[in-house]
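Below is one structure, written out as C-alpha cells; comments come after it.
Just so it is clear, none of the values below were taken in a lab; they were calculated from the coordinates. All figures in this text were calculated on a predicted structure; none of them were measured in a lab. Glycine also receives a Cβ, built like all others from the backbone with ideal geometry; neighbour counts cover every protein chain displayed.
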Amino acid sequence: MIPGIASRRRFSDLSEQEVLALAISSEEDDSRIYRTYAERLRAEFPASAAIFDGMAVEEDTHRQRLIELHRKRFGETIPLIRREHVSGYYARRPVWLIENLGIERIREEAETMERDAERFYRTAAARTTDAETRKLLGDLAAAEAGHSAKADALVETHLDEGAREDEGRAAHRQFVLTWVQPGLAGLMDGSVSTLAPIFATAFATQDPWTTFLVGLAASVGAGISMGFTEAASDDGAISGRGSPVKRGIASGVMTALGGLGHALPYLIPHFWTATMIAFVVVFIELWAIAWIQNRYMETPFFRAAFQVVLGGALVLAAGILIGSG
C-alpha cells in the first residue's frame with residue numbers, strides 16, 4: 001500500500017457540501033498563488049504584476065460567492081478538505097517557489113491553472129447524475145472560464161505595447177545576465193585555455209589516445225572549477241545576475257564543452273587526421289564565440305573576432321611550440 005494514497009477520498013464519494021468546500025479552498029489557494037506571482041514580478045514587471053493582482057481579486061470574489069452559497073445551503077461550518085485530500089484532483093506544481101521564475105513561465109503556469117480547473121469541473125459535472133450537483137459543478141466550470149476572460153481583459157488594460165516592450169527588454173537582460181554571460185565566459189575559458197595543454201600533448205606524444213585523455217581531464221576539470229567559481233562568486237541578490245546555480249551550470253557546462261570540442265577529434269586513431277579536424281573545430285569555436293559576443297553582448301563583430309581569434313591563435317601556437325620542443 002502506498003503511504004498517503006489510502007487516506008485520499010475519491011471525488012465521486014464527496015458530498016455536495018464537500019465539493020463546495022473543496023472549491024472554496026481551491027479558490028483561496030489560487031488567489032494566494034497569484035499574489036505570490038505579483039510580488040515576484042512587481043519590481044521588474046509592474047504591468048504584469050497588476051494583471052496577477054487583478055486575477056487574485058477575481059479568485060477572492062468567486063471564493064466569497066462560494067462561501068455565501070455554502071452558508072445558505074449548509075451553514076457556517078465549512079469542512080476542511082483540500083486538493084491533496086482528493087484522489088485524482090488536479091494539483092498545482094510548486095513552480096512559484098522556484099527562484100527567478102521567468103515572466104513567460106509564470107504566464108504559462110497561470111493559463112494552465114485556469115484550464116485545469118475548468119476542465120476538472122466540466123468533467124465532474126458530466127459524470128454526476130444529481131441535477132443539483134451537476135448545476136453546481138457547471139457553475140464552477142463557467143467561473144473558471146470567466147477567469148480566463150478576465151485575465152485577457154486585464155492584459156489589455158495593464159499590458160500595452162510599451163509595457164510589453166519594457167518587460168521584453170528586462171526579460172532579455174535577465175536571460176543574458178543569468179545564462180549568456182556565464183556561459184560565454186565558460187565557453188571562452190574552455191575553448192582557449194585548453195588549447196595549450198591539448199596541443200602540447202598532441203605534438204609531444206603524437207598519440208591520439210593520450211591526447212584525448214589529457215583533453216578530457218582538462219575540460220572536465222576546468223568545467224567543474226568554473227562552475228563552482230561562478231556559483232560561489234555572486235549570489236545574485238545585489239548584482240541581479242540571477243540564480244547562482246543556473247549561472248554555475250551555464251559556466252561549467254560550456255567550459256567543458258569548449259574544451260571537449262577539440263579533444264574529441266583525438267578519438268580518431270590517425271594523428272594527423274585527428275589534428276586537422278581539431279584545427280577546424282578550434283576555428284569554428286572561436287568564430288562562434290565572436291558571434292555570441294556580437295549577438296548578445298553587442299560587441300562589434302570584427303572587434304570580437306579579432307580579440308578572440310588572435311588570443312586563441314596565440315595560445316594554440318604556444319601549445320604547439322611547447323609540444324614540438
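Starting from 0.36 nm per residue, how many nanometres of slack lie between T112 and T77 once their C-alpha separation is accounted for? If you can, show how the numbers build up before the last one.
On the way: separation 35, 0.36 × 35 = 12.60 nm, distance 3.10 nm.
Here the segment from T112 to T77 would lengthen by 9.5 nm.
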query = If r is the Cβ-Cβ distance from D29 to I224 and R0 is 51 Å, what FRET efficiency results, to the nearest 0.05?
reply = 0.80
query = R9's amide H: which non-local residues (gap 5+, or another chain) put their own amide H closer than 5 Å, with H modeled 1.01 Å from N in plane and none for Pro or chain starts?
reply = V86, S87
remark   = Rounded to the nearest 0.05, FRET efficiency between A217 and F302 (Cβ-Cβ, R0 35 Å) equals 0.50
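Rounded to the nearest 0.05, what FRET efficiency do M276 and T210 have when you use their Cβ-Cβ distance and R0 = 25 Å? It would help to have the intermediate numbers written out before the result.
Numbers: r = 18 Å, r/R0 = 0.72.
Efficiency, rounded to the nearest 0.05: 0.85.
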request  = Would you mind working out the magnitude of the charge dipole of the stretch 168-324 relative to its Cα centre, with +1 at each Lys and Arg C-beta and -1 at each Asp and Glu C-beta, to the nearest 20 Debye?
outcome  = 440
request  = Which order do the peptides 108-120, 37-49, 313-325 take when ranked by the mean count of other beta-carbon atoms within 10 Å per residue, highest first?
outcome  = 37-49, 108-120, 313-325
ask   = Can you list the HN-Hα couplings for the stretch 111-123, worked out from phi with the Karplus curve (6.51, -1.76, 1.60; θ = phi - 60°), rounded to whole Hz and with x for Gly and Pro?
value = 5, 5, 4, 5, 5, 4, 5, 4, 4, 4, 5, 5, 5
task = Go through the stretch 175-183 residue by residue and turn each phi into a ³J(HN,Hα) via Karplus (6.51, -1.76, 1.60, θ = phi - 60°); whole Hz please, and just put x for glycine and proline.
result = 4, 5, 5, 7, 10, 5, 4, x, x
